[in-house]
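What follows is a set of notes on a single structure, which appears directly below.
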Amino acid sequence: MTATASAPQRVTLAAARRPARRRGLAWVSLALVMAVLIIWPLVRLELRAFDNGGDAFTRMVTYPGIGRVFLNTLIVAVGSVLIAVPLGTVLAWLTLRMPPALRRVMAILPIVPLMLPAVAKVAAWTYLLSPRTGLLNTLLRSWGLGSGATGPLDVFTMTGIVVISGVTLTSFVYLFVHSSLEQRGAELEAAAAACGARPWTVFTTVTLPLLKPAVIYSTGIVFLLSLGQFSAPLLLGAPKNIDTISTLMYRVSGDYPVDYALGAALALPLLVIGLLVVVAQRRALGDERRYAAVSGRARQVGVRTSWWAAVPLVIYLLVAVVLPLLALVVVSLSPYWSGRITPSRFTFDGWATAFADPSTQQAISTTAQAVGFTIVLVVPLGYLAALALLQRTRVPAPVRRVIDLISSLALSMPSVLMGFALLLTYSTPPFRLYGTTAMVVVAYVSLMLPHAIRPQLTSMLATGPEYSEASRVAGAGPLATTWRVGFPLIRSGIGVAVSLVVIMVIHEFAVSLMVTSPGRRVIGTLLYDATNFGTAPQVAVIALLMVAITTVGIVAALVAGGARALDRV
Amino acid sequence: MSEVNIENLTKGFGPAVRAIDELTLDIAEGELVVLLGPSGCGKTTLLRCLAGLERPDSGRIAIGGEEVFGGRREIPTHRRGIGLVFQNYALWPHMTVAQNVAYPLRAKGVSRRAREAAAREALALVECETLVDRLPAAISGGQQQRVALARAIVARPRLILFDEPLSNLDYRLRGQLRQEIRDLHRTLGFTGVYVTHDQTEAMQLGSRVVVLREGRIEQLAPPQELFDRPATSYVARFLGIGNAIALSRSDDRWVFGDPAVEIDLPHVPLPADSCELLLRAVDLTLAPPGSEGGADRVVVEGTVRDVLFGGDVSEWIVEVGGGTVLTATAAARTWPYAAGDRVAVQFELDDALLYAGPDGRLVEPVGAAA
């Protein structure tokens, strides 16, 4: 009796000797890893700006045309917000005014533009709207609009940059506003109507205030993303020397030796604004859990619907997806690009040449490796971080706050700035990783961490802690609970995280351009090389390849994460 | 051996909130103790501390003589050998009913065949054996909670915790499941801790009932004693004893209301100048105005404000002493009075509960001294 009783006693004693302190240490080291990945490169970079008494700032303000550069950056940011926020909000609102059968298909479509890599899209628009050979321009001229051999539209202008940036970012606004509208359902509006409010009163007193968090959040995101907008100004601004802070930083990173101090000085305003926007969002929104934990079971009842609501959506899709894709296909099949579609001369030579080119093969393999390693590293990291953010009573509050801060900070930093900081950190001693796949992977992991946290966090919030608690009560340890209950329940969240990382990594352009060497390209940077030194069909083929790889990645993630994951991307 | 000992347990959330405050409680083996109180009284926190889902700040918890929390020791939840029934069931949506129920045995490493048999047996106990291959989303709320019960008992834990398990169910189902939990407790003889804010549930299920207030035990008693002699006016009100008359001393008489109505409380030595008289609705009777009381029978005249017909029983709402509202409950049509009628409200002094002092302690006995 005594012998049998003492054996389990010892086991539990050993388990009991693993008190809160050791658990706390594990979370602290997680926060440290995140800080090393994200904060440290930024700090190292910005310290450079203040070397030598800060003479980098003197160099910056005396840089020729610097005022114009800052102004351009601001115009792109404000212009994009003015286009994307109203357009995205209206599209989201219209989606809910479609007949249910139509809505099921259409609601997901405004997100499709996000799956088109930005540089591929910008390249496509040059084929549509370049003044001399743009498809749309030749079409307009044949209708008698405009005169001479050019115009009437020109994509290589400030307006072109702003419009393309704004249209691209509309999808983000749509994403946030739509999910907010859908979660709430129409019941709250119906309740207001039942209280005697007219439709307009309902809209201003219920719909808009409830949308406030989503609109504020997406305005902040769009502002930051367009502030760091890189591919549009780089590809479209070049002919007329339109520079923004991000393109100027890229130029600085291309000089040898790299003037890191000047780059750091240029980056400082972006960094400060990024911080300010994050703080302002926090202030305006308060505790984000208030908005995240709304149940998804709300119904759309009593809304008047109409097929006409689909028209603006179709137009948007035409402009943002169909036209660019068509242009890419046409150009990729043409032997050379003249601005005319001549199907009789279509050929697959462009495709054959691209695949035969060893640099294409090498870029595809590097991209695949980088994506694979990044996912393997960043998704578990994101899982742990999301767990830490949720375990209010188990994880020490300061650690939680640090993790929270780091993840939102990383979201607010323009990628060109992150790229510059990562270039400095990992190409100089003690790392000297420049030119290796490892450098690309480290950069991607740093960049993708927030995107890996968010979907998993949302999934965990939606399922609540009871399931895991029930498993622990049932006698399963932490590992068994994670494996049998935790993972299966947030499978769709993990699927979303994986597909987001795939999309973002393949789309990633600014960081890739900085951290890859000419000898080890990823597919996005290969496309940029082609725009500089290659032919138009070559560019189109690579752009379509990017689209294809993205699609494969998303489909794979969806198969793994269950089809419902698509709703959450 | 599965008694539970809680000693000086304290748990706060931040410096301002003390969810549990120096609480000591011993639960005997086989006892089903109900923790009763309004939301925010600390009952759920106490339950979660027992389960190891919440870490107390200080104190000691022992289950079956084994210390699970105390000093530097903390045994994690999954080694405490307990069962827990959640308010929202917490059935894992990706597992079938059988897999859900067998899970505690799977965690113990029981062979597949043995745990399937045990799961079937547990499901039979809650009359859900036909649901084995269904998914939780495909069964009703009442069935889900039955399955959750089966999951909690399948491994025969030494302690089963219930966290408001019936709150999400409708009235009739609640009654049925209450009965089933009672039967299970009687059949299996487990030690149980049951959290609820529903006094009927507490009365019907508890071997003893603990009424909690701001993290402390306000009263600990068997249900009958609790209802007969609520120790404080807080307990009495929480048990639904809502007829309150605020009395004050005027010369040597007890009066209330404006204009003052006198109540004859013979021979009651009172420590204070004011006190509160609480009366159960079933202890009030109505009579024609002008009726005489008796030696231990108090009469107050008033006006019927409303009569609420409730099927079996009706409630007469009577206003007395200009502003004090009393409710008398009896079988429907017991009294012929309607709204606007003058009546005499009568009650036995023996049935009245008198509370005085700053924390409203019970003054006893009221009528017996006569």
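Since every read-out is calculated from the coordinates, none of them should be taken as a lab result. A quick note: this is a predicted structure, and the numbers were derived from the prediction, not measured. Here the Cβ is made from the backbone with ideal geometry for all residues, glycine too, and neighbour counts use every protein chain on show.
What net charge do the residues around B:VAL210 carry, taking every other residue with its C-beta under 13 Å from that of B:VAL210, with Lys and Arg at +1 and Asp and Glu at -1?
Numbers: positive: B:LYS43, B:ARG208, B:ARG213, B:ARG216; negative: B:ASP26, B:GLU31, B:GLU218, B:GLU225.
The answer is 0.
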- the stretch B:123-177 and the stretch B:292-369: distance between their alpha carbon centers, rounded to Å: 41
- For the stretch A:504-511, in residue order, the Karplus 3J(HN,Hα) values (coefficients 6.51, -1.76, 1.60; θ = phi - 60°; whole Hz; Gly and Pro = x) are 5, 5, 5, 6, 4, 10, 4, 5
- Note on the structure: Cross-link reach from A:LYS212 to aspartates and glutamates, straight Cα distance under 19 Å and at least 8 residues apart if same chain, gives A:GLU182, A:GLU187, A:GLU189, A:ASP287, A:GLU288
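Within 12 Å, Cβ to Cβ, of B:ARG237, how many net charges do the neighbouring residues add up to if Lys/Arg are +1 and Asp/Glu are -1? Intermediate values should be presented prior to the final figure.
Numbers: positive: B:ARG213, B:ARG280; negative: B:GLU218, B:GLU276.
The answer is 0.
P(r) tail for the stretch B:25-152, what percent of Cα pairs lie past 20 Å?
Details: 4340 of 8128 pairs.
Of all Cα-Cα pairs in the stretch B:25-152, 53 percent lie more than 20 Å apart.
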- Full extension from A:ARG44 to A:THR551: what is 0.36 nm times the residue separation minus their Cα-Cα distance, to one decimal in nm? 178.8 nm
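Find the Rg to Rh ratio for the stretch B:138-202, where Rh is the Kirkwood radius over alpha-carbon pairs and Rg uses the same atoms. Let's see the in-between values first.
On the way: Rg = 11.5 Å, Rh = 12.3 Å.
The Rg/Rh ratio comes out at 0.94.
Count the net charge of all other residues whose Cβ sits under 12 Å from the Cβ of B:VAL261, scoring Lys and Arg as +1 and Asp and Glu as -1. List each step's numbers first, then the result.
Details: positive: B:ARG253; negative: B:ASP258, B:GLU262, B:ASP264, B:GLU301, B:GLU319.
After counting each charged neighbour, the total is -4.
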- Charge dipole of the protein assembly as shown about the Cα centre (unit charges at C-beta), most positive-ward option of B:PRO15, A:ALA548, A:PRO41: A:ALA548
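Cα convex hull of the stretch B:265-346: mean projected area in nm², to one decimal?
Numbers: hull surface 23.9 nm².
Value for the stretch B:265-346: 6.0 nm².
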- Message: Give me log10 I(q)/I(0) at q = 0.10, 0.14 Å⁻¹ for chain B, Debye formula, one equal scatterer per alpha-carbon, no solvent.
- Response: -0.75, -1.12
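Could you put B:PHE86, A:PHE431, A:PHE57 in order, starting from the residue whose Cβ has the fewest other Cβ atoms within 10 Å? Numbers along the way, then the final one.
Values: B:PHE86 22, A:PHE431 13, A:PHE57 17.
In order of increasing Cβ crowding within 10 Å: A:PHE431, A:PHE57, B:PHE86.
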- Share, in percent, of DSSP beta bridges within the protein assembly as shown that are antiparallel, nearest 5: 80
- Mean Cα-pair separation over length for chain A, i.e. relative contact order, pairs under 8 Å, 6 or more apart, %: 21
- Item | Span from the the stretch B:85-107 Cα centroid across to the the stretch A:92-170 one, whole angstrom | 51
- Task: Rounded to whole Å and ordered largest first, report the semi-axes of the equivalent ellipsoid of the protein assembly as shown derived from its Cα gyration tensor (root of 5λ).
- Result: 68, 34, 27
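What do you get for Rg/Rh of the stretch A:363-455 when both radii come from the Cα atoms and Rh is the Kirkwood radius? Spell out each step's value before the answer.
On the way: Rg = 14.7 Å, Rh = 14.3 Å.
For the stretch A:363-455, the value is 1.03.
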- Message: Please list 3J(HN,Hα) in residue order for the stretch B:305-314, calculated via the Karplus relation 6.51 cos²θ - 1.76 cosθ + 1.60 where θ = phi - 60°; whole Hz, with x for glycine and proline.
- Response: 9, 6, 10, 9, 7, x, x, 4, 10, 10
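Taking other Cβ within 10 Å of each residue's Cβ, how do A:TRP27, A:TRP483 sort, fewest first? Please list the in-between numbers first.
Details: A:TRP27 21, A:TRP483 13.
Ordered from fewest to most neighbouring Cβ atoms within 10 Å, A:TRP27, A:TRP483 come out as A:TRP483, A:TRP27.
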- Convex hull (Cα only) mean projected area of the stretch A:475-564, reported in nm² to one decimal: 7.8
- Message: Sort B:ARG115, B:ARG79 by Cβ crowding within 10 Å, fewest neighbours at the top.
- Response: B:ARG79, B:ARG115
- When we measure straight from the Cα of B:LYS43, which lysines land under 18 angstrom away, once same-chain ones fewer than 8 places off are left out? B:LYS11
- Note on the structure: Sorted by chain and number, the residues with a modelled amide H under 5 Å from that of B:ARG213, at a separation of 5 or more or across chains, are B:GLU218
- Note on the structure: The Cα extents of the stretch A:382-522 along the principal axes, largest first and rounded to whole Å, are 56, 30, 25
- Relative contact order (%) - the stretch B:1-148, alpha-carbon pairs under 8 angstrom, separation at least six: 19
- Message: Using 0.36 nm times the number of residues separating A:LEU102 and A:SER517, minus their current alpha carbon distance, what extension gain do you get?
- Response: 144.7 nm
- What spacing in nm lies between the two simple spin-label points modelled at A:ALA280 and B:THR10, each 7 Å away from Cα in the Cβ direction? 4.6
- Considering amide H positions built from the backbone, and no H for Pro or chain starts, which residues 5 or more places from B:VAL85, or on another chain, come under 5 Å of its amide H? B:LEU161, B:PHE162, B:ASP163
